[in-house]
Amino acid sequence: MKICVTSTGQSIDSAMDPRFGRCAYFIIIDPDSMDFESIPNDSVNAGGGAGVKSSQTLIDKGVDVIITGDVGPNALRILNTSNIKVIVGVNGTVKELVEKFKKGLLG
Amino acid sequence: MIISVASGKGGTGKTSFATNLALSIDNVQLLDCDVEEPNSYLFLKPEINKTENLFILVPSINESLCDNCGKCAKFCEFNAIFVSREKTFILPELCHSCGGCKIVCPKGAIKEELHKTGTIYYGNSNGIEIIYGELEVGDAVASNVVREVKSRMNKNKNVIIDSPPGASCPVIESVKNSDFSVLVTEPTPFGLHDLKIAISLLREMKIPFGVVVNRADIGDRKIYDYCKKEGIDILLEIPFERKIAELYSKGIPFVLEMAEWKEKFQKLFNTIKEKIQK
């Protein structure tokens with residue numbers, strides 16, 4: 001399984017970025033090993049459709065779960081049709097959120 | 001003659017200025033290009049005699065031919081195409097109708113269909129011909145509707161264009177090809193900050209312009225210092241006056257009840273005319 005947390009920084013101890021489409025980084029984590037990859041979000045400055053582009057990036061990466069602050073309507077529509085679980089309305093560091101997710105405390 | 005009214009900052013009084021100017025001069029066509037919230041009609045209360053639906057071409061996918069290769073989505077500069085694991089989706093409200101996806105599709109799986117993107121309204125009020133556009137709720141691309149409003153321009157009239165705020169594509173589309181642009185601002189730090197952006201846009205587009213300061217006796221003097229330094233003319237100052245505000249709150253353009261202002265707008269119009277002819 002792959003979890004993506006939108007992040008303000010490159011490290012797993014960074015605070016979650018509450019924006020989805022225009023977050024600074026995507027951190028993609030394997031919850032079993034806690035190995036992670038951080039990807040700078042190149043749609044930060046997109047004129048429009050940032051959420052769509054971010055969704056495309058994560059789908060191409062094979063992400064199963066997204067943890068973020070909030071997701072706009074266009075992105076939510078396509079993520080739902082792609083069977084990706086979207087968890088919103090949470091906060092904390094990337095690491096804390098993944099730990100909580102593993103304990104079944106999120107969504 | 002085409003005069004556009006722009007501002008940078010929103011809420012400075014573009015529509016107030018445009019409608020009062022329209023009511024002060026003869027032979028006017030007012031084009032409200034602020035298609036995300038056209039509101040000059042609230043002041044001019046035109047009788048609407050015609051409406052037209054506007055359509056743009058957007059792609060549609062023939063799923064039996066599409067192999068989900070994603071080339072169309074990669075090509076799309078506006079992120080209007082999305083490729084899930086199973087299928088390719090179009091988000092028509094983000095599409096700019098360039099037709100590029102159809103060209104790059106190796107399978108011929110994309111055809112174009114009509115999508116309603118807005119409405120054009122035609123009206124008359126006090127001898128002023130008014131045309132305004134309204135972007136469809138949920139659509140993100142205002143420029144198409146602005147372009148359509150402007151294509152209905154009557155160049156034999158004194159054309160006044162009420163532009164949207166900001167300095168992005170819909171503003172560029174609105175002020176494009178105007179003979180002169182009036183920048184309405186207010187003497188506040190926000191007013192000045194956004195005015196500078198609007199000025200750099202107009203300079204780039206080589207459109208002559210002047211500044212109107214609304215609510216002129218609030219805030220500070222920095223707008224005046226800046227305009228003096230840059231050699232920019234301040235064409236008119238409208239004070240922060242109770243009577244003007246009260247009339248505004250009732251949707252009444254103040255020239256209708258304050259005759260001295262009608263003269264000021266006429267004078268300003270003549271000044272602009274002289275500047276253009278120079």
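The values are calculated or read from the model by the stated rules, or taken from the named source; none is laboratory data. Source: prediction; values computed, not measured. Cβ atoms come from the backbone with ideal geometry, glycine included; neighbour counts cover every protein chain shown. With ligands, DNA and RNA removed, areas are computed over all heavy atoms of the protein, side chains included. Shrake-Rupley method; radii C 1.70, N 1.55, O 1.52, S 1.80 Å.
Numerical summary
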{"item": "Amide H partners (placed H, <5 Å) of B:G166, local residues excluded", "result": "B:S7, B:G8, B:K9, B:G10"}
{"item": "Over chain B, relative contact order from alpha-carbon pairs under 8 Å, at least 6 apart, %", "result": "28"}
{"item": "Segment B:D179-B:K250, length gained on full extension (0.36 nm per residue, minus Cα span)", "result": "22.3 nm"}
{"item": "Protein heavy-atom accessible area occluded, A/B pair - total, 1.4 Å probe, Å²", "result": "1200"}
{"item": "Added length on full extension, which subtracts the Cα-Cα distance from 0.36 nm per residue, A:T8 to A:K85", "result": "25.6 nm"}
{"item": "Whole-Hz couplings from phi, Karplus 6.51/-1.76/1.60, listed for the stretch A:7-24; x for Gly and Pro", "result": "9, 7, x, 7, 9, 6, 8, 6, 6, 4, 8, x, 8, 8, x, 10, 5, 6"}
{"item": "Built amide H within the under 5 Å cut-off of B:F55, gap 5+", "result": "B:T117"}
{"item": "For the stretch B:227-278 versus the stretch B:78-137, the gap between their alpha-carbon centres in whole angstrom", "result": "38"}
{"item": "Tail beyond 24 Å, pair distance distribution of the stretch B:41-153 (Cα, percent)", "result": "38"}
{"item": "FRET efficiency, B:I276 to B:N68 (Cβ-Cβ, R0 45 Å, nearest 0.05)", "result": "0.25"}
{"item": "Student exercise, chain A dipole from Lys, Arg, Asp, Glu Cβ charges, in Debye to nearest 20", "result": "340"}
{"item": "Karplus-derived HN-Hα couplings along the stretch B:268-278 (A = 6.51, B = -1.76, C = 1.60, θ = phi - 60°), whole Hz, x at Gly and Pro", "result": "4, 4, 5, 4, 5, 4, 4, 5, 5, 5, 5"}
{"item": "Rg followed by Dmax, in Å, when the stretch B:48-109 is reduced to its Cα trace", "result": "13.8, 49"}
{"item": "Stokes-Einstein D (µm²/s) once Rh is taken as the Kirkwood radius of the stretch B:116-241 over alpha-carbon pairs, at 20 °C in 1.002 mPa s", "result": "133"}
{"item": "Overall form of chain A per C-alpha gyration tensor (a/c, 1.5; a/b vs b/c)", "result": "prolate"}
{"item": "For chain B, convex hull volume per residue from C-alpha positions, Å³", "result": "146"}
{"item": "14 Å beta-carbon shell around B:P106, net charge (K/R +1, D/E -1)", "result": "+3"}
